[in-house]
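Structure first, commentary second.
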Amino acid sequence: MESIKGTSIDQTKTLPDKFRSSLHLEHPSVQWRYGKPPTYESANKLFEEGRTKEWPKGSLEETVQNVVKSWQMEMNNKARLQDFDTINHDKFKFFVNGREGLSGEEVVRIGSFNAVLKNSLPEEFHYFKVEEETHESAHNDFKTCFPRGFAWEVIQVYSPPPLIAYKFRHWGFFEGPYKNYPPTGELVQFYGMGTLKVDESMKVEEVHIYYDPTELFGSLLKGKKNIASSELSKKS
């Protein structure tokens, strides 16, 4: 979800991203959801200023962190699975909170936000309604409420490849409205656990993520809803 900051710039004038090694070095045939590769300048600044761990270069922790960042970049921004470099195309599956796994094609089709934020709770607890969202609508909502991006870091790695277990932190500042809820300017963050099953080339075969979505939406929805905006959006 880090690619919420989605300004695109000319690929030929951009240096490689320090945390996503292939970004801006991609083949010209790659199809991007928004026409051009994203830039993570703002999100990288937020990450470097707010991270709680600075892992040694070449360490397992740094490697895992950058693998996940690169995979997130592809999931959020590439329009075709065939252009993904970070996954094993024959084996890839994505699991969230123990739900049924999604193939890479399914994640591309429904969008990474819908894949991550879908939940199995009763309808009254669906703070994010997957059936009403597209990748683009969710991307725009989160880009608006987190204008500086939504940074991601590895807190700890518990096991090495081929089955990597890790703890992560996701954070940003709620500085723009989320749908009809006004911004608070406050830090919004949540923690989670994940596993990556990788092959000998560090291509991802399976991703399992476990987190509590109420930690995110509890912060976004705690303000007083703008009723006027809500009624206007229903009529439009």
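Leaving out ligands, DNA and RNA, and with a 1.4 Å probe, what % of the accessible surface on the stretch 16-169 is carbon or sulfur? It would help to have the intermediate numbers written out before the result.
On the way: 3730 of 7270 Å².
So the carbon and sulfur contribution to the accessible surface is 51 percent.
Using a simple spin-label model with pseudo-atoms 7 Å out from Cα toward Cβ, E100 and Q82 lie 2.8 nm apart.
How much length is gained on full extension from L25 to E200, taking 0.36 nm per residue of separation minus their Cα-Cα distance? Mind dumping the intermediate values first?
On the way: separation 175, 0.36 × 175 = 63.00 nm, distance 2.28 nm.
Full extension from L25 to E200 adds 60.7 nm.
Can you give the relative contact order of the stretch 69-222 as a percent, counting alpha carbon pairs under 8 Å and 6+ residues apart?
22 percent.
So which aspartates and glutamates pass the test for K203, namely a Cα distance under 12 Å, with those fewer than 8 places away in the same chain ruled out? Once the sequence-local aspartates and glutamates are set aside, what remains near K203 is D85, D90.
Cross-linked pairs K18/K129; K45/K91; K45/K167; K91/K118: Cα-Cα separations exceed 31 Å for K18/K129; K45/K91.
Let's test the formula: R0 of 25 Å, r as the Cβ-Cβ distance of M193 and N226. What FRET efficiency results, to the nearest 0.05? Please report the intermediate quantities before stating the final value.
Numbers: r = 35 Å, r/R0 = 1.40.
Computed FRET efficiency for M193 and N226: 0.10.
Please find the FRET efficiency linking Q156 to T184, where r is the Cβ-Cβ separation and R0 is fixed at 30 Å, and quote it to the nearest 0.05.
Working: r = 29 Å, r/R0 = 0.97.
E between Q156 and T184, to the nearest 0.05, is 0.55.
The values are calculated or read from the model by the stated rules, or taken from the named source; none is laboratory data. Everything numeric here is computed off the predicted structure, so don't read it as measured data. Please note: Cβ atoms are built from the backbone with ideal geometry, for glycine as well, and neighbour counts cover all protein chains shown. Ligands, DNA and RNA are excluded from the accessible area calculation, which covers all protein heavy atoms including side chains. Shrake-Rupley method; radii C 1.70, N 1.55, O 1.52, S 1.80 Å.
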